[in-house]
1. If you keep only loop residues by DSSP, which chymotrypsin sites (Phe, Trp or Tyr not before Pro) in segment 1-95 have at most 15 other Cβ atoms within 10 Å of their Cβ?
2. About the Cα centre of the chain, how large is the charge dipole given +1 on each Lys and Arg Cβ and -1 on each Asp and Glu Cβ? Please answer in debye to the nearest 20.
3. If I take every Cα pair under 8 Å that is 6 or more residues apart in segment 1-101, average their sequence separation and divide by the length, what percent do I get for the relative contact order?
4. Only helical DSSP H runs with n ≥ 4 go in: add -39500 (n - 2.57) per run for the chain, normalise by residue count and round the 222 nm mean residue ellipticity to 500 deg cm²/dmol.
5. For Ser8, Ser42, Ser113, what ranking results if the residue with the fewest other Cβ atoms within 10 Å of its Cβ goes first?
6. Among Ile13, Ile21, Ile167, determine the one that fluctuates most according to a GNM of the chain built with springs between C-alpha atoms less than 10 Å apart.
7. Quick check for you: which residues of segment 93-108 have the amide N under 12 Å from the point 7 Å beyond the Cα of Ser42 toward its beta carbon?
8. Given Cα pairs under 8 Å that are at least 6 residues apart, what percent is the relative contact order of the chain?
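All of the numbers you see were taken from the coordinates with simple rules; none came from a lab. This one's a predicted model, so the numbers in the text were calculated from it and none came from an experiment. All Cβ positions, even for glycine, are placed from backbone atoms using ideal geometry, and neighbour counts span all protein chains on display.
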Amino acid sequence: MESLLSVSLGLGIAAACGFRIFVPFLVMNLAARAGYLALGDSFEWIASTPALITLIVATTLEVGAYYLPWLDNLLDMVATPAAVIAGVVASAAVFTGMDPYLKWTLAAIAGGSVAGAVQVATVGIRQASLLGTGGLGNPLVSTAEAAGSVVTAVLAILVPVFAAALIVVVLLFVRRSRTRVRQPA
């Protein structure tokens, strides 16, 4: 049961990295500092004070940059591979009580994939907003993504199995929506 919770937590945190890269790490830092999150042995640095300061600055810059319509699309080119890497690291940080080989394999395959899938979905939504509103709707998309990152990270920590199930439902909904858009009318 502990492994299931650990994997669910890791996948939830990885999904949050798909919305925003630094927000989940800031949530992890605060949760670990408050005693709500156990980090793996080599990941205690996430809960440190220097990491807290760095994550506050990085989160502020990242969230703020997505409100500039021309910069948000440019950031997506960098954020897509970075989200996958962040998903791997974040999930590995909370996969506890596992063989290191299994932990890193699971983090690379599952954590990276979940973060990448969420990031690709957000890029698609942002592109649709750009085409549909000329970029005027992108700040609303950015707000929803930032909120999605916070809510997903917090849910992953507080209710990991529910967060993992929610991720599956959202990804299936996005996939189904994309399939409907591609089918001719």
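1. Working: sites: Phe19, Phe22, Phe25, Tyr36, Phe43, Trp45, Tyr66, Tyr67, Trp70, Phe95; in loops: Tyr36, Tyr66, Tyr67, Phe95.
Those that pass, being in a loop and sparsely packed, are Tyr36, Tyr67.
2. Working: 9 positive and 8 negative charges, 134 e Å.
It works out to roughly 640 debye.
3. Working: 96 pairs, mean separation 49.5, N = 101.
Relative CO of segment 1-101 lands at 49 percent.
4. Values: 8 runs with 146 residues, N = 185.
Value at 222 nm, helices only: -27000 deg cm²/dmol.
5. Working: Ser8 20, Ser42 9, Ser113 16.
With the sparsest Cβ surroundings first, the list reads Ser42, Ser113, Ser8.
6. Ile167
7. 93, 100-105
8. Details: 263 pairs, mean separation 69.8, N = 185.
Relative contact order here is 38 percent.
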